[in-house]
Structures are given as structure tokens and as C-alpha cells.
């Protein structure tokens, strides 16, 4: 699959795909005899993984390290697992922080609703 099709399929710019390749996130993308990138199904699976992880906030560096270890084979399985565990923990902490913020916003919004309701009752009572 050519870069333009991959770009559209995954809603990622061609520049971003080239950047991922340069940073080691897509190290095995083959080029045809004309130098045009040909993305395999395996490349596309990595793109899906990268897009998901980047969307969750994982850094390029962490992903590059994970992919580097993956390419080294089974001897790096525990180290790769540890990376995933650490990143998962960071996401859980972020989720908890976000939930606390949502709870505070809900409280504040509720307070405004009470104030507005009271003011509306006062205005209606004065008519």
C-alpha cells in the first residue's frame, strides 16, 4: 500500500509517517525500485499500534525503545512488558487526575445551577 493510501486509511499525514520511519517507529518499510514506500500489512499493524499509543500520550522515545526491543526478539520480552506496565500505570494516574477534575467541574457547574435557579425564583417572585 502506498503512503497516500495509508495516510488516508489511518488519518495520518504522509509527513508524520515519514517522521515515524525516521524515528525508528516504522523501521521495516520497504521501497520499490522507484523508491516509493510500500507499506505491508505488518507495517499497517504497527501504524495502528503507534496511533493508539500516541493518542494515549506515549512519547516517540518510549515507542521507539519498545520497537527497538521488539526487533531484538524474545530475549527482550520482559523489558518490553515492563515498558507497557509503566506506561499503563501513567495512563491510570492521568485518568484518575482527569476524573478528579471532572468531579470538581461538576460540583462548580452544580453550584452555578443552584445560584441561577435561586436568582430566577427571586425574579419570578418580584413580578
Residue 104 within 27 Å of the chain's Cα centre (by Cα) and either more than 22 Å from residue 24 (Cα to Cα) or assigned by TED's automatic domain parsing to the domain that holds residue 21 (or both):
yes
For region 26-54, enumerate the residues that are at pLDDT below 95 and closer than 27 Å to residue 92 by Cβ.
none
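This table checks each residue for (1) at pLDDT below 95; (2) at positive phi; (3) exposed (fewer than 10 other Cβ atoms within 10 Å of the Cβ); (4) out of contact with any helix residue (DSSP H, G or I) (no Cβ under 6 Å at 6 or more places or on another chain).
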| position | (1), (2), (3), (4) |
| --- | --- |
| 60 | no, no, no, yes |
| 65 | no, no, no, yes |
| 74 | no, no, yes, yes |
| 80 | no, no, no, no |
| 91 | no, no, no, yes |
In region 15-39, residues that are more than 15 Å from residue 50 (Cβ to Cβ) and surrounded by 12 or more Cβ atoms within 10 Å (Cβ to Cβ) total 2
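The values are calculated or read from the model by the stated rules, or taken from the named source; none is laboratory data. If you're wondering where the values come from, they're calculated on a predicted model, not measured in any experiment. A quick note on method: Cβ atoms are made from the backbone with ideal geometry, for glycine too, and the neighbour counts reach across all protein chains shown.
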